[in-house]
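Here's the structure, in structure tokens; my notes come after.
The values are calculated or read from the model by the stated rules, or taken from the named source; none is laboratory data. Keep in mind it's a predicted model, so treat the numbers as computed, not measured. Glycine also receives a Cβ, built like all others from the backbone with ideal geometry; neighbour counts cover every protein chain displayed.
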There are 4 protein chains.
Amino acid sequence: MIVVIQCKDQVGLVAAISGVLAEERLNIVSLREHVDSTENRFFIRVEVDREAPMARLEARLRAVLPIDAVVSINLGTEKKIAVLVTKEYHCLADILVRHHFQTLGASVTCVIGNYPVFEDICRRFEVPFSHISHQDLDKERFEQKIIDVLLGYQPDYIVLAKFMRILSPVFMTNFPSRIINIHHSFLPAFAGANPYRQAFERGVKLIGATAHFVTEELDEGPIIAQQIVPVTHSFSVPDMVKAGKEVESAVLARALRLVFEDRVLVYKNKTVVFE
Amino acid sequence: MIVVIQCKDQVGLVAAISGVLAEERLNIVSLREHVDSTENRFFIRVEVDREAPMARLEARLRAVLPIDAVVSINLGTEKKIAVLVTKEYHCLADILVRHHFQTLGASVTCVIGNYPVFEDICRRFEVPFSHISHQDLDKERFEQKIIDVLLGYQPDYIVLAKFMRILSPVFMTNFPSRIINIHHSFLPAFAGANPYRQAFERGVKLIGATAHFVTEELDEGPIIAQQIVPVTHSFSVPDMVKAGKEVESAVLARALRLVFEDRVLVYKNKTVVFE
Amino acid sequence: MIVVIQCKDQVGLVAAISGVLAEERLNIVSLREHVDSTENRFFIRVEVDREAPMARLEARLRAVLPIDAVVSINLGTEKKIAVLVTKEYHCLADILVRHHFQTLGASVTCVIGNYPVFEDICRRFEVPFSHISHQDLDKERFEQKIIDVLLGYQPDYIVLAKFMRILSPVFMTNFPSRIINIHHSFLPAFAGANPYRQAFERGVKLIGATAHFVTEELDEGPIIAQQIVPVTHSFSVPDMVKAGKEVESAVLARALRLVFEDRVLVYKNKTVVFE
Amino acid sequence: MIVVIQCKDQVGLVAAISGVLAEERLNIVSLREHVDSTENRFFIRVEVDREAPMARLEARLRAVLPIDAVVSINLGTEKKIAVLVTKEYHCLADILVRHHFQTLGASVTCVIGNYPVFEDICRRFEVPFSHISHQDLDKERFEQKIIDVLLGYQPDYIVLAKFMRILSPVFMTNFPSRIINIHHSFLPAFAGANPYRQAFERGVKLIGATAHFVTEELDEGPIIAQQIVPVTHSFSVPDMVKAGKEVESAVLARALRLVFEDRVLVYKNKTVVFE
């Protein structure tokens, strides 16, 4: 069982929390704590060796914590996700394969594409695919159609696996801190369009990718994971795109694992990652 | 102030320890805990925001801990080290430069060389150098001379910065868990002599280096840090040696920083590194 | 078009080869040359901007080269591969997905498994699967059955994607320099069984994987690519296995790309990789 | 001996160049060629096994090359460098140590600082130090004083080893493609002041450093090498600065090695690095 808490910092929090756990006869297998002193914010993740009655445990924890505490207790229930895609397969296929072999740490409830290209691969893996075209629709109606499908599946997280439409702030507010995006660049370098063209013209020696939560501001949400890959003068723009895709799949897979294992805590525009 | 504890595991240890800290009104800035379940061993490192009377704190901690607990409280006193060298400069020079600019996190009390080559560089940095030749001495008398010098300086740690003589188990027992070595290979690959020749002949694509505590068995002590560097077919043996030296300096510097910041706990033949 | 040549070294080889290419009005886009001076061996890979009549070009090249020259001209014909598997899916699935989306640089003609577990996933990707059990067969007959299937498909390369049976030297001689294996460790460390258990017990801070050509001696063939991933004290053996699988998939994908792009030249027990 | 050439691309260049080398009975040990097809530009680096009369060789090469060819023949003469510094020691000390032990691949002729702090460390290594304060001087006179010192030493390259004054375009034109800078960030992210503060506030998971040639536009010259280091939520701004310094020293050392070994060719705003 995993207990994750964040609240404003004060003396004695670890003692209070671990006291409750000890009273419940739960043995702590792994504990990570962090205080963000600029924000006066306390973060903790505790893994204990067995499960305890959840309602009682939460009540006892809340009794010793500040009123603003965010408490999350994970009994090992598998997360449910929805995946939004456009036309690039690499992140989606990686997720579908892990889902199929039950190593994703979550279950893919549905895939939504604004093109129909991945209907076939989803069918092969017996995952529902919804084609919602953005054409002939204004953004509001396009997004409402997506929201309608999502509400039917009630996913814990929405993964933008190379979804190339910009979602509105209104959309975001429906799923706060629950939308994960893979950005085709090492943020904040080359934010915006055509990052590989920019990287090529600048002659960079590294390219990277960033997995992050999506907030109202495009490409500016809390970063979960970043990774780079070396490139050389011999890389054309397509070569860079290809290398970039490899690192995108890898970093998204890593970010999802961290999130699904309850290792990522978000506060304001930053993450605490207890890896 | 940093508190580091290891003992056999049991329920309630975090609660007991953090309870003592809370009673002392110490706020926990950072806490890392690990339980090695195969060994039933508990490890913790706590950073608190200010200092407390050390004797009292230790007594109160011991009162709530198992009898076998190893408790270490670090008030920020700088560690003292001795460095043993032979003829390769790269690790020594890196250490001397950091010592000189006070960024090593420790003070170099003396350098001992079995050749006189580094007398000059030590003089330039005003660090005492002792030339103790192994020639015309049996191992026992050679090591006794080194021990005599070391006892004069009382170092917390002894760093073998490319010291190319094999020390006897007897020597080791004088400084248990206090001797740090940089091994010219990615252990356990190519243990023994001429690792770069072996790596070249095997056509490997990565070479590495390992920083570890020295125990009675050569190259078999607890590993602190490891790092690799890619090599290609175009690397000659000397090129590999050169690349290897870069990674040796880097990994030793990293291992020393971890040890000097009380982040490395040793139990049996393994380390817990709270990075 | 890509021209790859190896032969014994002598003065004037580059001039002779590039002279032939210039006479054929082929413009060199990229050229990599290497001389292994310990072996007195010359290696070259030339990429030119268009195709030329292959038989004539090869004849003209041979006319200026030493008699022992190995000349290979690649007109961009897609390679054909066969994949041998046992029970671990990660490398196979990665290969099947790339095959499906035509980004593998080769075509998977068949998958052979000594267990039937991957019949399903192969069917989903419309790739023929042959179940050849090793049970109730001596090694000779088991291997003959595999060879019979392979001969039907005439693959250019055979990929052992976590195939857990040791193949005999006799098997190897049927496919010299054409069998690629992914080894579940950073060779030469932890060769043999249970490498992750060994790595865990040794407390290593890095684990890795090696893709190599298979020769008669197990785990001793020419290394194509190697990669590592950092691990910590908090990794259990299963965690290490999981991390190891990620790096296995990645390094095998990279090795296959290098081989399929004619970037890997083998001589004796080493590779030259013109990346 | 190393021959480096760049010119506009045309068919037959490798044949022409290698033909000249063969006629001179020079055996090619290593050859790297690259054509930038977007710029129609040809780059080559050839290492041969012995020396030849330089004037004759250059004349014969020029006779077969386009008129615009830039030909450089390196007989192994050690490069001379000057180092400009302000108050951070890490890159300077690394350079001085390598210079002292003759592993830099170049000789440090002088160090110029706009503060006097490194007079001491230069004296320890017997390297001339010039203190040229920027205070009470306008930029023109400040830079003229630096130029006067540099002209006295005639360095091949000028290394800005954390020199924190912005040099004018006029200064640059005195040393085209000969000034190397280490930038305290992974360009183009966080160009400008306080990159670590920016990185901290953005919660990035990687920080990096870039070594590049300096052109008239600040932080925009051709990139030679880049490297990153992972960081976590637990890094304060000073921790990031510290980690950044490690990667700065490492990437500058690597860039200098590449430049001193004639592996870096510059064309317009990009480099070709034949590593």
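Please give the number of the condition A:ILE146 fails out of (1) within 14 Å of chain C (Cβ to nearest Cβ); (2) surrounded by 16 or more Cβ atoms within 10 Å (Cβ to Cβ).
Only one criterion is unmet by A:ILE146, namely (1).
What about B:ALA16, is it at pLDDT 90 or above, surrounded by 16 or more Cβ atoms within 10 Å (Cβ to Cβ) and more than 23 Å from D:SER236 (Cβ to Cβ)?
yes
Regarding region D:216-224, can at least one residue be identified that is on the phi > 0 side of the Ramachandran plot and of a type in the set (Gly, Ala, Ser)?
no
Filter region A:72-88 down to the residues that are of a type in the set (A, V, I, L, M) and assigned to a loop (DSSP other than H, G, I, E, B) and list them by number.
A:LEU75 - this is the single residue of region A:72-88 that is of a type in the set (A, V, I, L, M) and assigned to a loop (DSSP other than H, G, I, E, B).
If I ask for residues that are touching an Asp or Glu at 6+ places or on another chain (Cβ under 7 Å) and more than 10 Å from chain B (Cβ to nearest Cβ), which ones from region D:239-258 would you list?
Once the filter is applied, which keeps residues that are touching an Asp or Glu at 6+ places or on another chain (Cβ under 7 Å) and more than 10 Å from chain B (Cβ to nearest Cβ), region D:239-258 yields only D:LEU258.
Give the residues of region D:217-234 that are within 11 Å of chain A (Cβ to nearest Cβ), among the aliphatic types (A, V, I, L, M) and outside any strand (DSSP E or B), sorted by residue number.
Scanning region D:217-234 gives a single hit, D:VAL231.
Consider C:GLU275 carefully, then state whether it is surrounded by fewer than 19 Cβ atoms within 10 Å (Cβ to Cβ) and touching a residue at least 12 places away in the same chain (Cβ under 8 Å).
yes
Consider A:ARG202 carefully, then state whether it is at pLDDT 95 or above and basic (Lys, Arg).
Answer is no for this residue.
Condition first: facing chain D (nearest Cβ under 7 Å), more than 27 Å from the chain's Cα centre (by Cα) and either in a loop (DSSP other than H, G, I, E, B) or not small (Gly, Ala, Ser) (or both). Now tell me which residues in region C:22-40 satisfy that.
Listed by number, the residues that qualify are C:ARG25, C:ASN27.
For residues in region B:81-119 being in contact with a strand residue (DSSP E or B) (Cβ under 6 Å, 6 or more places away or on another chain) and of a type in the set (S, T, N, Q), which is surrounded by the most Cβ atoms within 10 Å (Cβ to Cβ)?
Ranking the qualifying residues of region B:81-119, first place goes to B:THR109.
Could you check, for region D:235-252, whether at least one of its residues is crowded, with 18+ Cβ neighbours inside 10 Å, in contact (Cβ under 8 Å) with a residue 24 or more places away in the chain, assigned by TED's automatic domain parsing to the domain that holds D:ILE182 and not in a helix (DSSP H, G or I)?
yes
If B:ILE179 satisfies every condition in (1) more than 12 Å from chain C (Cβ to nearest Cβ); (2) buried (at least 18 other Cβ atoms within 10 Å of the Cβ); (3) out of contact with any Phe, Trp or Tyr (no Cβ under 7 Å at 6 or more places or on another chain) but one, which is the exception?
(3) is the only condition that B:ILE179 fails.
Can you tell me which residue among D:ARG60, D:ARG50, D:ARG98 is more than 14 Å from chain C (Cβ to nearest Cβ) and either under 18 Å from the mean Cα position of the chain (by Cα) or not in a strand (DSSP E or B) (or both)? Spell out how you get there, then give the answer.
Working: D:ARG60 fails: more than 14 Å from chain C (Cβ to nearest Cβ); D:ARG50 fails: more than 14 Å from chain C (Cβ to nearest Cβ).
Result of the check over D:ARG60, D:ARG50, D:ARG98: D:ARG98.
B:VAL3: part of a strand (DSSP E or B) and within 26 Å of the chain's Cα centre (by Cα), yes or no?
Working: part of a strand (DSSP E or B): yes; within 26 Å of the chain's Cα centre (by Cα): yes.
In short, yes.
All but one of (1) in contact (Cβ under 8 Å) with a residue 12 or more places away in the chain; (2) over 30 Å from A:PHE235 (Cβ atoms) hold for A:HIS184; which doesn't?
Of (1) in contact (Cβ under 8 Å) with a residue 12 or more places away in the chain; (2) over 30 Å from A:PHE235 (Cβ atoms), only one is false for A:HIS184: (2).
Looking for something among the aromatic types (Phe, Trp, Tyr), buried (at least 19 other Cβ atoms within 10 Å of the Cβ) and under 14 Å from the mean Cα position of the chain (by Cα) - is there at least one such residue anywhere in region D:207-216?
For region D:207-216, residues among the aromatic types (Phe, Trp, Tyr), buried (at least 19 other Cβ atoms within 10 Å of the Cβ) and under 14 Å from the mean Cα position of the chain (by Cα): present.
Could you figure out which of (1) surrounded by 19 or more Cβ atoms within 10 Å (Cβ to Cβ); (2) of a type in the set (A, V, I, L, M, F, W, C); (3) farther than 25 Å from D:ILE182 by Cα isn't true of D:ALA63?
(1)
Of everything in region C:121-143, what is charged (D, E, K, R) and more than 14 Å from chain A (Cβ to nearest Cβ)? Give them in sequence order.
Scanning region C:121-143 gives C:ASP136, C:ASP138, C:LYS139, C:GLU140, C:ARG141, C:GLU143.
Give all pairs with beta carbons closer than 7 Å in which a residue from region D:86-110 that is more than 23 Å from D:GLY152 (Cα to Cα) meets a residue that is in a strand (DSSP E or B) and among the β-branched types (Val, Ile, Thr); count only pairs at least 6 apart in sequence or on separate chains.
Close Cβ pairs satisfying both conditions: D:CYS91/D:ILE182.
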